[in-house]
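Peer 1: I'd like to ask you about the structure that follows.
Any read-out appearing in this document is the output of simple, stated calculations on the displayed coordinates, not a laboratory observation. Every value quoted in this text rests on a predicted model; they were computed, and no experiment measured them. Because the Cβ atoms are built from the backbone with ideal geometry, glycine has one as well, and the counts that use them run over all protein chains shown.
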Amino acid sequence: MRRALVAVLAVLVLGSLSVGVAGAAHEEPDRTVLGFELTPEGSATVYYVTSYNLSNDDERVAFERYADNETRRTEFRDDAVAELRAAAANGSAAAGYNMSIRNATVRTDEAEGYGRVEVAATWHALAYYDERRVIVFEPFRSGYRPDRNVAIHGPAGYRRNRTEPQPYRARGNSVLISTRTSDFSNFFVEFVDPDAPTTTPTPTATTSTSTATTQPADRGDGDAGLAIRALVIALLPAVLFVAAMRRA
């Protein structure tokens with residue numbers, strides 16, 4: 001019985017680690033969105049998603065053209081990457097460090113009556129970072145306004161702090177910002193590590209971009225270290241439960 005309980009707990013813990021940006025960054029199946037999942041080192045996984053309502057005949061046909069045709073999916077990926085790379089180039093010039101788009105993939109899926117075409121890539125050096133915070137301001141301040149809302153999710157364990165413009169939706173560690181009704185000229189989204197010492201002066205949302213030009217590190221261990229830390233934290237309740245059962 002105890003072994004069965006341990007097995008169930010392990011499955012639940014590992015399953016929770018596999019939840020992607022769709023749940024974390026307000027990306028419901030019906031949402032067409034540009035989503036970011038930040039790392040503490042200032043890079044991000046970016047998701048360029050177009051959603052189709054499969055109960056609508058025209059939208060179903062449009063989605064199936066991608067789902068059934070690899071060439072069309074490749075074209076979708078290439079168009080999205082071209083847009084993101086142009087934005088990264090402008091952001092690099094404004095911020096003073098080199099952003100880049102890497103390792104792009106494309107896939108389709110269906111869920112809850114919607115079909116999604118999703119491009120995922122690594123956006124290297126997206127954000128300013130220091131030992132206690134990550135701040136996104138480019139490429140949006142320099143004029144990038146995608147044709148879809150922007151969802152940004154902070155690093156694991158971080159908390160949302162100040163955001164400009166006002167989010168359409170906000171949660172403890174993520175924001176969803178409308179591109180149709182918001183002014184991006186003073187774009188500023190900050191996430192703070194609540195466990196880090198407060199030693200760095202915090203700029204205001206109106207601080208010029210020249211105050212946040214530290215280049216995010218290109219560390220190969222960033223994503224792996226984050227995953228290991230998340231795994232240890234997630235497994236802790238299961239370990240404590242097993243220990244308690246053995247004492248019982």
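Peer 1: Can you tally the net charge around E112? Count Lys and Arg as +1, Asp and Glu as -1, for every other residue whose Cβ sits under 9 Å from the Cβ of E112. If you can, show how the numbers build up before the last one.
Peer 2: Details: positive: none; negative: E28, D30, E110.
It works out to a net charge of -3.
Peer 1: Work out from phi, with θ = phi - 60° and the Karplus expression 6.51 cos²θ - 1.76 cosθ + 1.60, the ³J(HN,Hα) of each residue of segment 39-53, listed in order in whole Hz, and give x for Gly and Pro.
Peer 2: 9, x, 8, x, 8, 7, 8, 10, 10, 9, 10, 10, 10, 10, 7
Peer 1: Taking a temperature of 10 °C and a viscosity of 1.306 mPa s, what whole-number D in µm²/s does Stokes-Einstein yield for segment 30-223 with Rh from Kirkwood over alpha carbon pairs? All intermediate terms of the calculation are to be shown ahead of the outcome.
Peer 2: On the way: Rh = 17.3 Å.
Result for D is 92 µm²/s.
Peer 1: If you put +1 on each Lys and Arg Cβ and -1 on each Asp and Glu Cβ, how big is the dipole of segment 30-223 around its Cα centre, in Debye rounded to 20?
Peer 2: Values: 22 positive and 29 negative charges, 108 e Å.
Here the size comes out at about 520 debye.
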